[in-house]
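Okay, structure first, notes after.
Please treat every number below as a calculation from the coordinates, not as lab data. Model, not experiment: these values are computed from the prediction. Don't worry about glycine lacking a Cβ; one is built from the backbone with ideal geometry, like all the others, and counts go over all protein chains shown.
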Amino acid sequence: MKNRNNKMDNKKIGSLGVDYLSICFNNSELLYPEFEKDETHPLWDGNIIIYKSNIISNENCLGRVPVQIKTTTTKNISDITQKKSISRKELEIYFNDGGILYFFVCIDNSQYSIYYSSLTQIKINSYLNKNKQKKIPITFTLFPKDNVSLFTNIITEFYHERKFKANSKTYSLDDIKNIQQHGFDGLTTKVSTLGYKNPIDRLFDQPFYLHAINSTNNTETPIGEVLAKTAIKEYYNCEIKINSKLFYNNYKVINEKEKVIYCFGKSIQIIITKIDEDLFKYNVNFNLSGTLLERINDIDFFISLLKYEYFYIDSKIYNFHASEKEWDENNPLFSFEKLKLHLEYYINIKETFDILNIKKQIDFANFNKEDNNNLRHLIAGIKYNQKLILNNHDEKYVLNNLKIGNLIIKIIMIKQEDGKYLIENYFDINFICYCQSQNDKNNLVVVSPFILLEKDEFKKISNIDYEKIYNSFLKLPDKDELFKLTNDFILRMLSSYDDLNIKDDELLNCSLKLSDWLLTKDIKNKNIFILNKLQIIRRKRELSDDENSLLFEIIKTEDNNTILAGVYILLNNLLMFKKHYEKLSQSEKEEFDNFPINYILKQIEDK
C-alpha cells in the first residue's frame, strides 16, 4: 500500500511538471506544446510545435521539437544548474533520432524552476565519448521561463540544429584554426534574434552553434557551441582616479585579437594595440554620450587625462602620453578648448536644473536646434538672471511650457519696466490668485496659483514641485468654494496618476496631504472628502479595519447614490456598487464614469 501511494504521488508530481511547462510555453505566440501526462512514454513526452507567426495554421507551421520532461521535488530550485544522470542507452536512442530537448522541472511546494539541456547530436556525441559509464551525468541549465523571447529563441535554434547530423569524425572548436585541413573553407552560424533590438547582441549573451562549411560540396557540419569571446565585455569594480580625484568605481574591458579596449563611463575608450612583445600603441575614442552627469564626469576625466597624462586603476598607474597639441591636431571636433567649453555648458545645464528642481534626466539623443535654443535661453534667464525680449507679447505675465528634448519645463515670464522679461520658475511664484465665484459672479475666491494645472501637466512637467504646491494652500482663507475647487484639483491629480505607466509617489503623497488639509476644515458634509482620502490610500495599499469602519459610517448617514457607489467600490462589494450605480440618472452615470475611482473599480473587476 505504501509503494502504491508513493507511485501515485510521483505520477501527480510528473503531471504537475508537465502543467508548469505547458503554462510557460503558452505565453509564446509561436510555440504550441503537445505533451503527454501519463507514464507510457518513457523516452518522449511529446512535442513543441513551432509556428512562423501567431497565426496557427498548417501553412504557417515551421516544424516540431521532441521533448522529454522529468520532474522532482527539491529545495535547490534557485541553483543556476542541476545535474541529472541519463542512461547511455537513452542517449544513444536520442542521438539516432536527431536529438532531444530535455527538461528537468524542480518543485518546492508552490515554487518551481525549470532546467533544460539542448541535447543535439553533437552534444550527445560529446557526452558519450567523454564518459563510458552506463549512467552519464548531464548538466541542465536554468530555463528562462519568464523571458518569452529568449526561450522562444532557444526552442527555434534547437529545431534548426536538429537538421544537421553529426559527422562520424567529431570535430572540436580547437580545430577552427586548422579547419581548412579537414576540407572546409568557411564557418557559419544561424541564431534566432527575437526580442533583440540589436541582433548582434544575441552572439554575446548566449552560446550558439558554429558550423564548418564546404562550399564545393555544399555541406555544413556542426562543430560545437561557442560564445563570441573575441568581443566579450568583462566588467571590473575598482577605483579609477587621476590626481587623487575619483572618477569611476568600475570599468569594462573588451578583449580582441592583439587589442584590449578599456571603456570608461559612456564616452571614453582607450585602445591598447600590441605592436610586438614589448611595444604597445595607445589610441583614444571619445564619443560624447550618456546622461548629463555622465557627460560632465567623462569630459572632466578626459581633460584631466590630457593634462596629467596618466590614470590609476586601483593602485596601478597607467601612463598616457598624448599631448594637448597632438590631441587637438587629430581631434578637431573635441579639441582641448572645445572640451572645456562642453564641460562649462553641461555644468551650466546642471546648475540651472538644480535651481528648477528637475530630477528627470535629459535625453540628448534627439536634441534639435529649437531644443538647444530653448536650453540656452533658460540658462541665461534662470542662472544668470538675464532679461529676454519677447516679440508679439505685451502681457504682464506670460506662462510657457518650455520643451527641451524630453523635458517640459513650466516657467513664467514677468515683464519689467524696460519692456523686457525675466524668466522665473513657475513653482517659485508667490502672488495671490483669484477665481470668480460660481455662486456670486461679483465675488472672487482666493485660490492657489497652481490650482489651474491641467491633468496632462502633472504627467509632463519636469520641474513640478509638489511641496510648494501643497504649501500654497495652507494660508488661504477658508471658503466652501475653495474646498470644492481643491477637491476637484485632487481628483485631477489622481486621474493623472492613474494614467502614468511609472507611478509618481510624490504626486500621490501631495494629493493625500491636501486631502488631510481639507479634513481639518469646518465642512458640513465631509463624506465626499473622506471617500476621496480613502481612495488615495487604496492606491497605496489595502484599507485597514479602522478605515473600512469610516466607510460603514458613511453608509449609515448617506443617501447620495453617487457617494454610496464609490463607498462600495472601496469595500470591494460589486453587487452593492451596481445597485446604487443603477439608481443614477444617465447624466449622473456619465459623470461617475469619469471619476478616478473607476481606476480602482477596474482593478477589482480584473481580479
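The equivalent ellipsoid that matches the C-alpha gyration tensor of the range 479-600 spans semi-axes of 21, 17, 16 angstrom, in descending order.
Projecting the Cα atoms of Phe336, Ile411, Val446 onto the charge dipole of the chain, computed from C-beta unit charges around the Cα centre, puts Phe336 farthest toward the positive end. By the count of neighbouring beta-carbon atoms within 10 Å, fewest first, Thr352, Thr74, Thr520 end up ordered Thr520, Thr74, Thr352. Sorted on the mean count of surrounding Cβ atoms within 10 Å across their residues, most packed first, peptides 264-270, 489-495 read 489-495, 264-270. Computed on the chain, with alpha-carbon pairs under 8 angstrom and 6+ residues apart, the relative contact order is 5 percent.
Remark: for residue pairs Lys369/Lys403; Lys83/Lys123; Lys84/Lys123; Lys75/Lys123, the C-alpha separation exceeds 18 Å in Lys75/Lys123.
For Leu293 and Lys89, a Förster radius of 60 Å and the Cβ-Cβ distance give a FRET efficiency of 0.45, rounded to the nearest 0.05.
If you count, for each residue, the other Cβ atoms within 10 Å and average over each peptide, how do 394-404, 115-125 line up from highest to lowest? Spell out each step's value before the answer.
Details: 394-404: 13.8, 115-125: 22.1.
Highest-to-lowest ranking by the protection proxy: 115-125, 394-404.
Mean residue ellipticity at 222 nm from the helices of the chain, using -39,500 (n - 2.57) per DSSP H segment of n ≥ 4 over the full residue count, to the nearest 500 deg cm²/dmol? Numbers along the way, then the final one.
Working: 19 runs with 230 residues, N = 607.
Per the formula, -12000 deg cm²/dmol.
Sequence-ordered 3J(HN,Hα) estimates for the range 360-368 from the Karplus curve with 6.51, -1.76 and 1.60 and θ = phi - 60° stand at 6, 6, 7, 9, 8, 4, 10, 5, 10 Hz, glycine and proline given as x.
Its Cα centre serving as origin, the chain has a Cβ charge dipole (Lys and Arg +1, Asp and Glu -1) of approximately 1880 debye. For Leu584 and Lys521, the difference between the fully extended length at 0.36 nm per residue and the C-alpha to C-alpha distance is 19.7 nm. Cross-link pairs exceeding 20 Å between alpha carbons, from the set Lys145/Lys165; Lys526/Lys556; Lys441/Lys524; Lys540/Lys607; Lys190/Lys266; Lys556/Lys589: Lys145/Lys165; Lys441/Lys524; Lys190/Lys266; Lys556/Lys589.
For the range 434-508, a simple Cβ point-charge model (Lys and Arg +1, Asp and Glu -1, everything else neutral) yields a dipole of about 180 debye relative to the Cα centre.
Would you please give the FRET efficiency between Leu142 and Ser549, computed as 1/(1 + (r/R0)^6) with r the Cβ-Cβ distance and R0 = 45 Å, to the nearest 0.05? Write down the numbers at each step before the final one.
Details: r = 48 Å, r/R0 = 1.06.
So the FRET efficiency works out to roughly 0.40.
Maximal additional length on extending the Ala380-Asn366 stretch stands at 2.8 nm, based on 0.36 nm per residue less the C-alpha distance.
Quick one: which of 23-32, 553-562 comes out on top by average Cβ neighbours within 10 Å, and what's the full order, highest first?
On the way: 23-32: 16.7, 553-562: 13.6.
Per-residue Cβ counts within 10 Å, averaged per peptide and sorted highest first, yield 23-32, 553-562.
Mean separation of Cα pairs under 8 Å and 6 or more residues apart, divided by the residue count, gives the range 502-594 a relative contact order of 20 percent.
Bridges between two residues of the chain, per DSSP, are antiparallel at a rate of about 90%. Taking Cα atoms only, the orientation of helix 148-162 departs from the longest principal axis of the chain by about 20 degrees.
Take Leu43, Leu292 and order them by how many other Cβ atoms sit within 10 Å, fewest up front. Walk me through the numbers on the way to the answer.
Numbers: Leu43 12, Leu292 17.
Ranked by crowding around the Cβ, least crowded first: Leu43, Leu292.
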